Amino acid sequence: MDPTDADDPLAAGVPATGRTVLTGPSNAGKTRRTAAALREYIDRYGRVGVVVLDFAPTVVRDGAVLGGRLDRFDVPRVAWTGTLVAHAPRAESGGDPERALELARANGRNAERLFDAAPPARAVFINDATIPFQATGDPSPLDVACGGASLVVANAFDGDLGEGPVSDAERTALDRLTEWVDRRVRLQGAR
């Protein structure tokens, strides 16, 4: 089957073509549902041309892991994976806005290398899509990285970000990301 003609949804109701973003608060199931869609896509269409961009930092708060990488959910190998060794600017900065911005800029610079290295793709799965843009608020590099893909599935945090330049830029990045996609799936509560 050709995925460009697919009209039945993947796991979690994600269409097999177009651009979808899953948003919600911490522990709403965004990464889990992205991983499920990735597994189903590969089961149907194979791994050729499948790219994963994983930008998630791992943050432990009160003994609970918040977020984390897609590979926590037993995802199959794909054609190419770009994994950002990501900082969690707000969590790591100790409340210092300048330090948070410095860490966010480092994430952005390191993500640029992944965008440059990513091969052309027919499907792109993005975990924690706003992390590289916490300094700029501009997710347009995703448009280039996802160029000819017939499917893009991304997830992004949508909850209380607090105040400061990193939070402001991340809110802007989420707004622009939701304008770029064809559909947004809002997830509620912890899963």
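Rolling a 1.4 Å probe over the protein heavy atoms gives the stretch 27-106 an accessible area of 49 Å² per residue.
Put Val59, Val85, Val124 in order of accessible area, highest first, and with a 1.4 Å probe you get Val85, Val59, Val124.
For the pair Asp168 and Arg47, label points projected 7 Å from Cα toward Cβ lie 4.4 nm apart. Summarising the amide proton neighbourhood of Gly24: residues at separation of 5 or more, or on other chains, whose placed amide H is nearer than 5 Å comprise Ala156, Asp158, Leu187.
Projecting label points 7 angstrom from Cα along Cα→Cβ for Thr58 and Glu102 puts them 2.5 nm apart. Of Ser140, Ser167, the order by accessible heavy-atom surface (1.4 Å probe, DNA, RNA and ligands excluded), from most exposed downward, is Ser140, Ser167. The figure for Thr58 is an accessible area of roughly 90 square angstrom, using a 1.4 Å probe on the protein chains alone.
For the stretch 105-191, a Kirkwood radius taken over Cα pairs fed into Stokes-Einstein (25 °C, viscosity 0.890 mPa s) yields D = 181 µm²/s.
Summarise the accessible area of the chain (1.4 Å probe, protein heavy atoms) by the percent that is carbon and sulfur.
Heavy-atom surface of the chain belonging to carbon and sulfur, 1.4 Å probe: 47 percent.
Only Cα pairs under 8 Å and 6+ residues apart enter the sum, and on that basis the relative contact order of the chain stands at 31 percent. Thr172 sits with roughly 50 Å² accessible to a 1.4 Å probe, with DNA, RNA and ligands left out of the calculation.
Checking (1) 32, 21, 14; (2) 26, 17, 15; (3) 68, 25, 12 against semi-axes √(5λ) of the Cα gyration tensor in Å calculated from these atoms, the matching label is (2).
The values are calculated or read from the model by the stated rules, or taken from the named source; none is laboratory data. Quick caveat, the model's predicted, so the values are computed rather than measured. Every residue, glycine as well, gets a Cβ built from its backbone with ideal geometry; the counts of neighbours run over all protein chains shown. Areas reflect the complete protein model, heavy atoms only, side chains present, ligands, DNA and RNA absent. Shrake-Rupley method; radii C 1.70, N 1.55, O 1.52, S 1.80 Å.
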